[in-house]
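Shown next, in structure tokens, is the structure this report addresses.
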Amino acid sequence: RTEIIDSEEEIDIEDLIERHECVITLTNSGYIKRLPAETYSAQHRGGKGLIAMSTKEEDYIERVVSVNSHSHLMLFTNKGRVQSIKAYRINEASRTAKGSNIVNILELSAGEKVTAAISVNDFAADEYLFMVTKNGIVKKTLLSEFEYQRSKGKRAINLDEDDELIFVRHTTGNESLIIATRDGNAVRFDENNVRAMGRAARGVRGITLSSDDVVVGVCVVDEEKSLLTVTENGMGKRTLFSDFREMKHRGGKGVTCHHISEKTGKLAAILTVDEDDDIMLITDEGTIIRTSVSGINVYSRTATGVILMRLADGAYINNIARL
């Protein structure tokens with residue numbers, strides 16, 4: 001007796017999902033999960049942190065990104081491809097859960113893994129993605145070129161045979177950028193020195209590296225904020241951006257951004273931070289500490305810094321994220 005008809009006002013399932021800030025974590029072996037940002041409460045500088053994920057002995061957390069649940073999560077691979085997914089489609093899991101294998105979400109080829117993850121709310125026509133490879137090649141491409149996704153993803157950059165795509169930043173096209181290397185060197189240059197290129201282009205030289213050195217970070221300069229540098233042994237400091245002179249040309253060797261020694265270990269990551277920010281530091285063993293930026297002192301470019309996290313024997317800082 002009941003007549004079932006199509007509703008004229010279809011309900012979009014997305015509208016039923018609550019908007020909230022969340023943290024996406026991704027391990028070296030390719031396990032991904034989503035948690036509410038408040039899962040990690042802030043600790044004082046120098047704390048031991050808490051376990052963020054139960055990982056296999058040979059696995060460790062490699063990427064941490066803070067997103068809105070309805071943002072587009074763009075996942076870039078070492079082979080220069082990108083795939084996009086709404087953040088809420090990543091399964092939510094408990095703090096210590098391993099998460100889902102990313103091959104159930106993305107189509108990846110043999111030897112391919114996610115090396116960069118950024119979130120965007122929309123694909124604005126006048127904004128860019130700025131890409132940096134392990135060997136210091138940089139490339140700028142319009143964000144709008146990535147709006148329409150294919151099931152197998154899109155080519156983001158063409159790479160040299162021995163190179164990998166490591167970092168991607170969302171920019172306005174008129175930013176000043178700093179690229180830092182594992183040996184503690186950094187170069188600052190104007191984004192306008194890099195012309196916009198299509199998705200299939202290779203890019204141009206951004207920084208000249210010495211032998212065995214690789215790029216470990218890239219960040220957007222904001223003179224009202226500061227540059228956070230963190231080493232593998234848990235040492236860190238803030239430095240004013242005014243300490244870094246902007247190079248007239250890209251491709252130089254740069255200047256010291258953090259004094260590297262046996263005590264500090266190599267440079268692990270850099271980040272643009274504000275006094276009111278919290279940051280998350282994550283170790284290769286899956287331990288995370290959330291701490292306030294205001295507790296980290298401002299030093300010169302060549303300083304060693306202070307202890308941000310006390311590490312277990314053999315552990316090292318693998319990545320940092322801003323909340």
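Some notes on this structure:
- Here r is the Cβ-Cβ distance between Arg150 and Asn91 and R0 is 22 Å; the resulting FRET efficiency, rounded to 0.05, is 0.45.
- Net length gained if the chain between Ser294 and Asp160 were fully extended (0.36 nm per residue, minus Cα distance): 44.2 nm
- Our summary gives the stretch 273-323 a relative contact order of 50 percent, counting only alpha carbon pairs under 8 angstrom and 6 or more residues apart.
- Under 5 Å from the amide H of Lys253 lie the amide H atoms of Thr208, each residue being 5 or more positions distant or on a separate chain, with H modelled from the backbone and absent for Pro and chain starts.
- Per residue, in Å², the accessible surface of the chain once ligands and nucleic acids are set aside, probe 1.4 Å: 47 Å²
- Taking only the Cα atoms of the stretch 157-304, the radius of gyration and Dmax are 15.4, 43 Å.
- Dmax and Rg, reported as Rg then Dmax, of the chain (C-alpha, Å): 20.0, 81
- Subtracting the Cα-Cα distance of Asp276 and Asn101 from 0.36 nm times their residue separation leaves 59.6 nm of extension gain.
- Modelled label positions at Thr304 and Ala37, each set 7 Å beyond Cα in the direction of Cβ, lie 3.5 nm from each other.
- Estimated at 0.36 nm per residue, the fully extended path between Asp6 and Glu224 surpasses their Cα-Cα distance by 73.0 nm.
- When the Gaussian network model of the chain links Cα atoms closer than 10 Å, the mean-square fluctuations of Asn68, Asn135, Asn174 top out at Asn174.
The values are calculated or read from the model by the stated rules, or taken from the named source; none is laboratory data. Please read all numbers here as calculations on a predicted model, not as lab measurements. Ideal geometry is used to build each Cβ from the backbone, glycine not excepted, and the neighbour counts take in all protein chains shown. Just the protein is used for accessible areas: all its heavy atoms, side chains included, with ligands, DNA and RNA removed. Shrake-Rupley method; radii C 1.70, N 1.55, O 1.52, S 1.80 Å.
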